[in-house]
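The values are calculated or read from the model by the stated rules, or taken from the named source; none is laboratory data. Please read these numbers as outputs of a predicted model, since none were measured by experiment. In this analysis, Cβ positions are derived from the backbone assuming ideal geometry, glycine residues included, and neighbour counts consider all displayed protein chains.
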Amino acid sequence: VKQTKQSVLEEARARANDYTLTEEEVILQNAASESPEAEQVIQKAALLLRMRDGMGSLARILKTIDNYKGCVEHLETRPSQISGVQFDALVKVSMTRINLLQLIRALRQSTSFAGVNLLSDNISNKTPWFPRHASDLDNCNHLMTKYEPELDMNHPGFADKEYRERRKQIAAVAFAYKYGDPFPAITYTETENATWQRVFNTVLDLMPKHACREYKAAFGKLQAAEIFVPHRIPQLEDVSNFLRKHTGFTLRPAAGLLTARDFLASLAFRVFQSTQYVRHANSPFHTPEPDCIHELLGHIPLLADPSFAQFSQEIGLASLGASDSEIEKLSTVYWFTVEFGLCKENQQLKAYGAALLSSIGELLHALSDKPELRPFEPSSTSIQPYQDQEYQPIYYVAESFEDAKDKFRRWVSTMSRPFEVRFNPHTERVEILDSV
Ligand code: HBI
Ligand code: FE
């Protein structure tokens, strides 16, 4: 029976509208509708097309895929077993999620096909969500609670109700913070300022001999700007403005120890998530969780160094959309470099790791003859197990920040992500570069 033009159109409309989505299409649609950025994630997919017409229509299919900027990675056909269908075509494509959805819709409008199916085995819904603009960091505030004073019996503040209240109050301020808000100023108590002063003075003592020159140079500038003074804890706003001038890094208040994924993601935007509460006064030289004394004395000076800032950002960029196991590896690299790294300076060993520079005990241990020293090599460093309860038995030594960065870049290029990312500082946006 020859169909009239009208009935063909009606059938196409009916098929496009009434078609019940398969589970794979629902997954795809949900993934794409998460955010405008999620729509643009490159998706690999396999389509099974039941072709009513002969092979001649293959050309049209390929043209349609091309119109949606899809890349055909594989194509095969077979004579169909279904009556009224001449061929089945299996087409594997790689394209943005939104275009894939539109392609499927377009193919369904066509009467050339008795069926258009998205096959499950090649659907990768695996690229985890990641922030695409600095304001998306408002969603990157997931905490790991294992070392909080409420929950960790070994926390020096566990039995101190007043301390726990103060810690909670400062954390609440961080939770409420949104992109673009003014920095919350904290009025530190005399006790808190006294704790800062004790640690500050030990750093002043040890730094000349043991810290790397980049740290000392930036520390001097922070003192000259009267941001680092012995008697009061610096405010995040002043520190953030200082960093912005030197490397474009800025701060964001963090409520506590963040998940590695959230913490690393912020570095991609040259944003350092910093806690604002202070360790317990009874334990000035040790804290189980990061506190602002650790952030300020450990991390801030080097974030004002251009080469180190670049290295930090590159760890962050590598983490965007990475798998859980890759996040684990990046986290380990971060641990053995940014937190516990040693470097060479005129044949001498110096510390650049924040956890070393903000903790005299471990600094002296690291530079003693007790621990094992190994050259920094991302492929092995990234899989070295570590624990966070005692001093490290192993430290990794970098030749220089530039050398560490070179090695890191080479290693990152072996990771599995099917796209590249680039940070655009003018828009504060991460741009996706397809590598297909
Ligand atoms: N969260 N607030 C905060 N500060 C850190 O230094 C920090 C973190 N979360 C994870 C983390 N550091 C690292 O141990 C790596 O896992 C990235
Ligand atoms: Fe730290």
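Restricting the search to region 295-326, which residues are of a type in the set (Gly, Ala, Ser), within 14 Å of ligand 1 (Cβ to nearest atom) and not in a helix (DSSP H, G or I)?
Ala322
Just need a number here: residues in region 146-164 that are surrounded by fewer than 12 Cβ atoms within 10 Å (Cβ to Cβ) and either among the β-branched types (Val, Ile, Thr) or in a helix (DSSP H, G or I) (or both).
The number of residues fulfilling the criteria is 2.
Scanning region 269-283 for residues that are in contact with a strand residue (DSSP E or B) (Cβ under 6 Å, 6 or more places away or on another chain) and away from ligand 2 (no atom under 11 Å from the Cβ), which turns out nearest to Ile360 (Cα to Cα)?
Gln276
How many residues does region 51-72 contain that are modelled with pLDDT of 90 or more and not hydroxyl-bearing (Ser, Thr, Tyr)?
9
Could you please tell me which pairs satisfy a Cβ distance under 7 Å, a separation of 6+ or placement on different chains, a first residue in region 236-256 that is without any contact (Cβ under 8 Å) to a residue 60 or more places away in the chain, and a second residue that is within 16 Å of ligand 1 (Cβ to nearest atom) and basic (Lys, Arg)?
Once the first residue is without any contact (Cβ under 8 Å) to a residue 60 or more places away in the chain and sits in region 236-256, its partners that are within 16 Å of ligand 1 (Cβ to nearest atom) and basic (Lys, Arg) give Thr250/Arg270.
May I ask you to say which residue of Gly321, Gly316, Gly341, Gly298 is farther than 18 Å from Glu214 by Cα, within 16 Å of ligand 2 (Cβ to nearest atom) and in contact (Cβ under 8 Å) with a residue 12 or more places away in the chain?
Gly316
What number of residues in region 206-232 are over 14 Å from Gly298 (Cβ atoms) and not in a helix (DSSP H, G or I)?
7
One residue is enough: does region 410-428 have a residue meeting the conditions over 17 Å from the mean Cα position of the chain (by Cα), more than 19 Å from Pro36 (Cβ to Cβ) and of a type in the set (Asp, Glu)?
Looking through region 410-428, none of the residues is over 17 Å from the mean Cα position of the chain (by Cα), more than 19 Å from Pro36 (Cβ to Cβ) and of a type in the set (Asp, Glu).
Is it the case that some residue within region 1-14 is of a type in the set (Ser, Thr, Tyr), outside any helix (DSSP H, G or I) and either surrounded by 18 or more Cβ atoms within 10 Å (Cβ to Cβ) or modelled with pLDDT under 80 (or both)?
Within region 1-14, one or more residues are of a type in the set (Ser, Thr, Tyr), outside any helix (DSSP H, G or I) and either surrounded by 18 or more Cβ atoms within 10 Å (Cβ to Cβ) or modelled with pLDDT under 80 (or both).
Which residue, of Ala268, Ala254, Ala260, is at pLDDT 95 or above, surrounded by fewer than 22 Cβ atoms within 10 Å (Cβ to Cβ) and within 19 Å of the chain's Cα centre (by Cα)?
From the options Ala268, Ala254, Ala260, the qualifying one is Ala260.
Can you say whether Val85 is modelled with pLDDT of 85 or more, crowded, with 17+ Cβ neighbours inside 10 Å and within 36 Å of the chain's Cα centre (by Cα), as far as the supplied structure shows?
Here the answer is no, as Val85 does not meet what is asked.
How about region 71-123: which of its residues are in contact with an Asp or Glu (Cβ under 6 Å, 6 or more places away or on another chain) and part of a loop (DSSP other than H, G, I, E, B)?
Ser80, Ser112, Ser120, Ile123
On the basis of being within 14 Å of ligand 2 (Cβ to nearest atom), of a type outside the set (Phe, Trp, Tyr) and part of a loop (DSSP other than H, G, I, E, B), does Gly248 make the cut?
no
State all residues of region 285-299 that are crowded, with 18+ Cβ neighbours inside 10 Å and out of contact with any helix residue (DSSP H, G or I) (no Cβ under 6 Å at 6 or more places or on another chain); if no residue qualifies, say none.
Hits for region 285-299 are Thr287, Pro288, Glu289, Pro290, Asp291, Cys292, His294, Glu295, Leu296.
Output the residues belonging to region 205-228 that are over 20 Å from Lys344 (Cα atoms) and surrounded by 14 or more Cβ atoms within 10 Å (Cβ to Cβ).
Residues satisfying the conditions are Lys221, Leu222, Ala225, Ile227, Phe228.
Could you go through region 36-49 and let me know if any residue there is modelled with pLDDT of 85 or more, buried (at least 16 other Cβ atoms within 10 Å of the Cβ), β-branched (Val, Ile, Thr) and in a strand (DSSP E or B).
yes
Is it fair to say His286 is part of a loop (DSSP other than H, G, I, E, B), more than 25 Å from the chain's Cα centre (by Cα), farther than 18 Å from Ser312 by Cα and within 16 Å of ligand 2 (Cβ to nearest atom)?
Yes.
For region 176-190, which residues satisfy the criterion of being touching a residue at least 24 places away in the same chain (Cβ under 8 Å) and surrounded by 13 or more Cβ atoms within 10 Å (Cβ to Cβ)?
If the condition is that a residue be touching a residue at least 24 places away in the same chain (Cβ under 8 Å) and surrounded by 13 or more Cβ atoms within 10 Å (Cβ to Cβ), then Tyr177, Tyr179, Phe183, Pro184, Ile186, Tyr188 are the ones that fit.
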